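Everything on this sheet refers to the single structure shown next.
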Amino acid sequence: MTRPEDPYAANPGYPGYPADLPRPVPPGEPRPLDAVESLTQGTKALFSNVLLWVLAMLIVLAVTVILTVVLVAPVALREYAGEEQAVALSPATVAALVLVWLIVFVLGMVWTLNVYRNAVRQVQGDPVDLSDFFRLRELGVPFVAYVLMGLVTFVGMLLLVIPGLVAAVLLMFVPYLAFSRPESGLSGIFRGSVDIVRANPGHSLLLILFSLLLNAVGSLTVVGVLITAPLNACMMAHAALQGSGDRLVHRP
């Protein structure tokens, strides 16, 4: 029986689930975006597993801080030595600093890409564990898509800013579609994001507003970023899956 109050009840295969349980929404045609619904569903998806997300971010922050101290310490000691007693860094020290920087960069990139992946998985109702934030498998296509998205936006910013802002909006769903439908290739991923935004301009802009507000709250409260950052990812992942017609889970 179709429940009028349930916006997902019309999807094939959806009826029959108890009202208090998460309900799978099967893949199909692209669905209209609802920014408020994506924020709500993203919040519910995150808080079904929030401690894991917080722990993963704390681990990355701790490793980054430790490695950064290792990176900065030799330079700081050199400064304290004074101009007359300053000693040039040896090639071995420089190599060690570069190595530490590369480790921090790679760790940050792997973690960032896996945040997008796990946001998609969380919204789809798939299990996510701590090791999933540090997986290296199947990151090739998403990495290339992420880099290309950044380059397009950067070049657009050089062209009087406005083209860059337009590119950033049109490509806002690329990191999530790269994980939900990698088989469509880079052109399909980029075209999919553009199609979602063009079909839902109002709600896409509202999602950006929500994202900016979440980032502001996280920055003001400092520790709040442990919640607002993954919440932002889950919200955008839900919108990407909704707009592309991919499968997801509706949480009551």
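Values quoted throughout were computed directly from the atomic coordinates according to the rules given, and no laboratory measurement underlies them. Everything quoted here is computed from the prediction, not taken from an experiment. Reconstructed Cβ throughout: ideal geometry from the backbone, glycine too, with neighbour counts over all protein chains shown.
Counted residue by residue at 0.36 nm each, then reduced by the alpha carbon distance between them, the extension gain from Ser184 to Leu160 reaches 5.4 nm. Extending 7 Å from Cα along the Cβ direction at Ala199 and again at Phe47 yields two label points whose distance is 3.0 nm. Rounded is the label for the stretch 121-252, because the ratio a/c of its alpha-carbon gyration tensor axes (a ≥ b ≥ c) stays below 1.5.
In this simple spin-label model, placing a label point 7 Å from the Cα along the Cα-to-Cβ direction at both Val98 and Leu209 gives a separation of 4.9 nm.
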